[in-house]
Amino acid sequence: MNIEQISYYANLLSFGVVIFLWFIFAGTFLLRKKPESAPDAKRAPASWVGLILQGVGFGIVWAVRRTPFASPFIDEQFAANIALQVISILLASWSVWLASSAIRELGKQWSLQARLIEGHKLVTSGVYGIVRHPIYTAMFGMMLATGLVLSQWIALGAAVIVFVIGTKIRTNTEEGLLRGAFGKEFEEWKTKVPGLIPFINI
């Protein structure tokens, strides 16, 4: 078996693993035991704009696929492609863990829409000590992993740009609510913990 064939089978394997992890990732949100709901204290409807742009990023990755299927992410770079497929599996696995950990930490405070609930607490424990927005980090990781196993590099680049813009809208909205509610406590946390990517202050 030559390296081209190994690269092909590595693509098939990584695609299957990432799709399997997608089911677990989705189940983390859809099948979780929902805690007792709490009434909203404040909402930020503008956050939906960011969510839509994040969805567009995912749409680009899924829609613009490599042909033929299981071809290298970078043409003729078969060894590099094998390494990228391994990275995609590790990235997707880490993203699933990160999302499930974040949802457990948030409990009844988790919501699709940016909001504060009555008695809202600033969560800084667990994965919120690694990044301030671990669910968006997990989503970003899943998008990158999907792009590496399925999409074209130029499409993945475009998807990253759209996703980051959408995420910036979401995080600015959410952090505006938190800053207003927690003031100095929030600012101290923001100073210590990066927003989206561990160890990188963006």
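Once you charge only the Cβ atoms, +1 for Lys and Arg and -1 for Asp and Glu, what is the size of the charge dipole of segment 70-202 about its Cα centre, to the nearest 20 debye? Could you put the intermediate results ahead of the total?
On the way: 11 positive and 9 negative charges, 88 e Å.
Value, rounded to 20: 420 debye.
List the residues whose amide H sits under 5 Å from the amide H of Ser151, counting only those 5 or more places along or on another chain, with H placed 1.01 Å from N in the peptide plane.
When sequence neighbours closer than 5 places are left aside, the close amide H contacts are Arg66.
Placing +1 on the Cβ of each Lys and Arg and -1 on the Cβ of each Asp and Glu in segment 57-117, which of Leu116, Asn81, Trp62 has its Cα farthest towards the positive end of the resulting dipole?
Final value for the positive-end residue is Leu116.
5 Å is the cut-off here: which amide hydrogens, built 1.01 Å from N in the peptide plane, fall below it relative to Ile197, excluding neighbours closer than 5 in sequence?
Ile202
Just to be sure I follow the definition: excluding the sites themselves, where is the longest run in the chain that has none of the trypsin sites (Lys or Arg not before Pro) in a DSSP loop with at most 16 other Cβ atoms within 10 Å?
34-120
Looking at the square roots a ≥ b ≥ c of the eigenvalues of the Cα gyration tensor of segment 51-118, which shape do they give, rounded for a/c under 1.5, prolate if a/b is larger than b/c, or oblate? Could you put the intermediate results ahead of the total?
Numbers: a/c = 5.01, a/b = 2.00, b/c = 2.50.
It is oblate, given that a/c is not under 1.5 and a/b is not larger than b/c.
Just to check I understand the Karplus step: with θ = phi - 60° and J = 6.51 cos²θ - 1.76 cosθ + 1.60, what whole-Hz values come out for segment 95-110, glycine and proline as x?
Computed from phi, the couplings for segment 95-110 are 5, 4, 4, 5, 5, 5, 5, 5, 5, 4, 5, 6, x, 6, 7, 6 Hz.
Starting at the first residue of segment 171-177, write each ³J(HN,Hα) from the Karplus equation 6.51 cos²θ - 1.76 cosθ + 1.60 with θ = phi - 60°, in whole Hz, x for Gly and Pro.
Calculated HN-Hα couplings, in order: 5, 4, 5, 5, 5, x, 5 Hz.
Is segment 163-202 rounded, prolate or oblate when judged by the Cα gyration tensor, a ≥ b ≥ c being the square roots of its eigenvalues, rounded requiring a/c under 1.5 and prolate requiring a/b larger than b/c? Spell out each step's value before the answer.
Numbers: a/c = 4.14, a/b = 1.22, b/c = 3.38.
It is oblate, given that a/c is not under 1.5 and a/b is not larger than b/c.
Which percent of the accessible area of the chain is formed by carbon and sulfur heavy atoms (probe 1.4 angstrom)? Mind showing how you got there, number by number?
Values: 7130 of 10660 Å².
Whole-percent figure for carbon plus sulfur exposure: 67.
Report the label-to-label distance for Ser71 and Val86 in nanometres (one decimal), using points 7 Å from each Cα along the Cα→Cβ vector.
Label-label distance for Ser71 and Val86, simple model: 2.5 nm.
Hey, what number do you get for the chain at 222 nm if only DSSP H runs of n ≥ 4 count, each worth -39500 (n - 2.57), divided across all residues, to the nearest 500? It would help to have the intermediate numbers written out before the result.
Details: 6 runs with 130 residues, N = 202.
Counting only the DSSP helices, I get -22500 deg cm²/dmol.
Under 1.5 on a/c is rounded, so check that first for segment 53-202, then, if it is not, pick prolate when a/b is larger than b/c and oblate when it is not; a ≥ b ≥ c are the square roots of the alpha carbon gyration tensor eigenvalues. Mind showing how you got there, number by number?
Values: a/c = 2.55, a/b = 2.17, b/c = 1.17.
Prolate.
The values are calculated or read from the model by the stated rules, or taken from the named source; none is laboratory data. Computed from a predicted structure; not experimentally measured. In this analysis, Cβ positions are derived from the backbone assuming ideal geometry, glycine residues included, and neighbour counts consider all displayed protein chains. Just the protein is used for accessible areas: all its heavy atoms, side chains included, with ligands, DNA and RNA removed. Shrake-Rupley method; radii C 1.70, N 1.55, O 1.52, S 1.80 Å.
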